[in-house]
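Inspection log for the structure reproduced underneath, given as structure tokens.
Computed from the coordinates by the stated procedures, all read-outs in this text should not be read as laboratory data. Not measured: the values here are computed from a predicted model. Cβ atoms come from the backbone with ideal geometry, glycine included; neighbour counts cover every protein chain shown.
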Ligand SMILES: Nc1nc2c(ncn2[C@@H]2O[C@H](COP(=O)(O)OP(=O)(O)OP(=O)(O)O)[C@@H](O)[C@H]2O)c(=O)[nH]1
Ligand SMILES: [Mg+2]
């Protein structure tokens, strides 16, 4: 693992088209984001291709943006948002600004370790999938530390998603998803949901538009410091499912 | 995360492997308290085999460092893997700690 690869990525701006763009949505992440950037930069720089990192700030009230700017990583861009618009809005901003052939978004807590990136990349690059979603549910995934409540809730939601909405993915919410740039542009341009359920809409659209979707088992750690209120989010999730269906019936996605 | 307690040249050594985050700080805190509470505190934390460390975990080590130095001792870190080395650099903690390539050098460095 030559440190020189990271050192070069840190100081020399890439000139060619990046093969991979990584987007990290970030809302008040001053505690968690620097370590995650470090882990990502170290690992991906060693993979031997040009890549860029995008921090999609979501109107953070803390000093997330200043902290990131202070790192002076030439191939990292910080996208600012004037106000908080929800995780979906941050991911959208990052996805639409990404220049890579492939685009990954990954949560700021490194809860799916970045070492899993090659599994997704291989699906797109070698097996010509358009979308590869990390999954904490697919066979072979290691669930790590996941609370009981989480397990029960996700089981129920999974059933609804599959049998009523025909979304061919067991785990829609994993914060580790990769798309071809073409798919990312098309899907995120049509996106209407800006909260935590945006994943659901994107996957619904991906299957509606006929993209090839791979669900890839990844390891997952229920990282400390999550800012999600589970009960509220489940209610919103169900509401957003209905919104997606209504949108489709009204022709919003045409 | 795996925690292995040992010693080298009569110095207590804590070896941590895997992912060190807020879920894992408690046993490390306990070990640090045990070895920084008395006399001249000189200890080694070996991070060979650690691939991720978060900010809470880093604070735990910084507190350990402070406690050692207050007792005219030190906390030496050794065997950083690349991701953890980069995290130390980006958080500028590479300036705060004395970091050694091997456990042997960390022990000799006192
Ligand atoms: N909570 C929250 N996160 C946001 C928002 N906008 C962007 N994010 C980012 O979305 C990602 C997910 O946030 P987490 O708080 O870890 O939520 P989660 O991963 O769904 O929940 P856990 O599984 O409990 O960790 C992080 O990278 C956040 O910084 C927002 O408005 N609220
Ligand atoms: Mg998370």
On the basis of being free of Cβ contacts under 8 Å to residues at least 40 places away in the same chain, part of a loop (DSSP other than H, G, I, E, B), within 14 Å of another protein chain (Cβ to nearest Cβ) and crowded, with 19+ Cβ neighbours inside 10 Å, does residue B:58 make the cut? no
Check residue A:178 against each of (1) surrounded by fewer than 22 Cβ atoms within 10 Å (Cβ to Cβ); (2) not in a loop (DSSP other than H, G, I, E, B) and name the one condition it does not meet. (1)
Within region A:65-114, track down each residue that is within 16 Å of ligand 2 (Cβ to nearest atom), in contact with a strand residue (DSSP E or B) (Cβ under 7 Å, 6 or more places away or on another chain) and away from every other protein chain (no Cβ under 14 Å). A:87, A:90, A:91, A:104, A:105
Do the conditions hold for residue A:175, that is, is it more than 14 Å from chain B (Cβ to nearest Cβ), within 12 Å of ligand 1 (Cβ to nearest atom) and touching a strand residue (DSSP E or B) at 6+ places or on another chain (Cβ under 8 Å)? yes
Looking at residue B:88, is it within 14 Å of another protein chain (Cβ to nearest Cβ), closer than 27 Å to residue A:71 by Cα and crowded, with 16+ Cβ neighbours inside 10 Å? yes
Within 14 Å of chain A (Cβ to nearest Cβ) and part of a helix (DSSP H, G or I): which single residue out of B:24, B:48, B:34 fits that description? B:24
Go through the residues of region A:193-201 one by one and say whether even a single one is surrounded by fewer than 20 Cβ atoms within 10 Å (Cβ to Cβ) and more than 12 Å from ligand 1 (Cβ to nearest atom). no
On the basis of being within 16 Å of ligand 2 (Cβ to nearest atom) and over 18 Å from residue A:92 (Cα atoms), does residue A:219 make the cut? yes
